[in-house]
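A.B. asks: The structure under discussion is supplied below as structure tokens; questions concerning it will follow.
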Amino acid sequence: MGRRLRPWWLALAASLLLHGTLIGALGWRLPQWQPPAEPPPFEARLLAKPPTVVTAAALLPAPPAASRAPPARAAPPPELPAEAETEAETEVETEVETEAAAAAAVAATDLNNAPAGRLDEAPVIAAAPVEAPPPTLNPLPPRLDLHFRVHYGVAAGEQTLLWVNQGEHYTLTSVAAASGLAGVFYRGRFVQTSRGRITPHGLQPEEFWDQRGDKRSRARFDAANNSLTLIPAKGAPRHFAYQGDVQDALSLFFQLALTAPPPDGQLTYTVFNGKRLRDYRYEVRGEEILQTALGELRTLHLARVADDDGRFEAWLAIDRHYLPVRVLRSDEKGSTVELRVKSIAP
């Protein structure tokens with residue numbers, strides 16, 4: 001029994017000796033766990049979209065749809081690292097600023113070199129003509145009564161001039177009659193009436209009546225058509241045309257009162273004298289002191305010049321609304337008529 005076990009032990013000892021030799025010679029070690037390496041850092045940045053550049057070509061109208069070629073499909077741009085993207089963005093911004101500056105320079109050059117009257121981008125609008133403001137009118141009382149002493153050759157008489165202001169309308173009435181011994185030779189009354197509107201420019205007559213004894217005529221003014229129609233006591237109606245403002249033999253005095261003529265210079269009026277329409281020119285001869293029934297008055301002296309209708313002069317009281325206080329005129333027979341004021345009310 002002891003002899004059979006000896007070879008087994010010998011084999012076991014040889015096997016252990018062989019394994020120990022191999023382990024010691026090769027230096028083997030048991031495997032150990034190692035932590036994995038850290039991943040490379042990852043960085044993400046948001047980049048602003050480059051501004052859109054509007055060039056002159058973009059402002060031109062697009063070609064017709066039939067001739068428009070299909071757009072070519074652009075190849076996707078290559079991916080760039082972060083540093084390359086930053087440099088590319090800077091270059092794009094520089095190009096944008098350069099193109100914008102170049103476009104502005106071209107536009108300024110075209111504007112400076114464009115001929116006068118050919119600037120389509122900025123059409124020239126002509127300024128509207130500026131109208132002269134209307135004159136400032138002197139205020140007049142609602143009612144005025146002027147009484148005159150009339151001298152006509154050897155005859156004498158009285159004349160009353162009545163002004164009534166009814167808001168935007170007026171009425172002027174003149175009544176003259178011979179008095180004393182002259183009344184025996186000059187019978188009847190001489191009546192004139194003017195009616196019309198008060199405008200920012202003064203009086204605008206619309207109707208005028210003239211009655212001498214039993215003869216009566218009438219005139220109508222048409223301001224819209226600048227025409228006047230006279231219906232005389234005898235005969236067919238007569239028509240007159242005029243330009244601008246017009247006055248009649250009565251309204252002229254109160255037109256002067258409302259507008260207050262300057263102390264010198266000349267005035268021009270178109271006046272209807274009861275028979276015809278004439279253009280008259282008046283010379284302002286300055287101030288004069290006049291002795292009247294109302295006392296000493298400062299007056300403005302006017303005289304009609306360069307006409308063949310005889311003499312006409314008027315003295316306007318400066319401190320009495322520029323109303324007439326003395327009038328000299330001659331009639332168609334060459335006889336002179338003088339009016340001198342007796343009273344003004346109020």
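A.B. asks: For residues that are not in a strand (DSSP E or B) and not small (G, A, S), scanning just the stretch 146-197, find the one that is modelled with the lowest pLDDT.
C.D. replies: V184
A.B. asks: Across the stretch 309-326, which residue is surrounded by the fewest Cβ atoms within 10 Å (Cβ to Cβ) among those that are of a type outside the set (A, V, I, L, M) and assigned to a strand (DSSP E or B)?
C.D. replies: Checking each candidate, the answer is E313.
A.B. asks: Let me spell it out: the conditions are (1) loosely packed, with under 12 Cβ neighbours inside 10 Å; (2) farther than 25 Å from R195 by Cα; (3) in contact with a Pro (Cβ under 7 Å, 6 or more places away or on another chain), and P346 meets all of them except one. Which number is the exception?
C.D. replies: Unmet condition: (2).
A.B. asks: Is one or more of the residues making up the stretch 246-256 modelled with pLDDT of 95 or more and assigned to a strand (DSSP E or B)?
C.D. replies: Within the stretch 246-256, one or more residues are modelled with pLDDT of 95 or more and assigned to a strand (DSSP E or B).
A.B. asks: If you don't mind, there's one more thing I want to ask. Exactly one of these conditions fails for D210: (1) touching a residue at least 60 places away in the same chain (Cβ under 8 Å); (2) under 21 Å from L144 (Cβ atoms); (3) not hydroxyl-bearing (S, T, Y). Give me its number.
C.D. replies: It fails just one condition, (2).
A.B. asks: Here is a follow-up. Filter the stretch 277-303 down to the residues that are exposed (fewer than 15 other Cβ atoms within 10 Å of the Cβ) and touching a residue at least 40 places away in the same chain (Cβ under 8 Å), then identify the one that is nearest to the chain's Cα centre (by Cα).
C.D. replies: Within the stretch 277-303, the match that is nearest to the chain's Cα centre (by Cα) is L294.
A.B. asks: Is it the case that S251 is among the polar types (S, T, N, Q), surrounded by fewer than 16 Cβ atoms within 10 Å (Cβ to Cβ) and touching a residue at least 24 places away in the same chain (Cβ under 8 Å)?
C.D. replies: Taking the combined requirement at face value, the residue does not satisfy it.
A.B. asks: Being in a strand (DSSP E or B), within 21 Å of H321 (Cα to Cα), basic (K, R) and touching a Ser or Thr at 6+ places or on another chain (Cβ under 7 Å) is the requirement here; does R285 meet it?
C.D. replies: In short, no.
The values are calculated or read from the model by the stated rules, or taken from the named source; none is laboratory data. Just so you know, these numbers come straight off a predicted model, no measurement behind them. Reconstructed Cβ throughout: ideal geometry from the backbone, glycine too, with neighbour counts over all protein chains shown.
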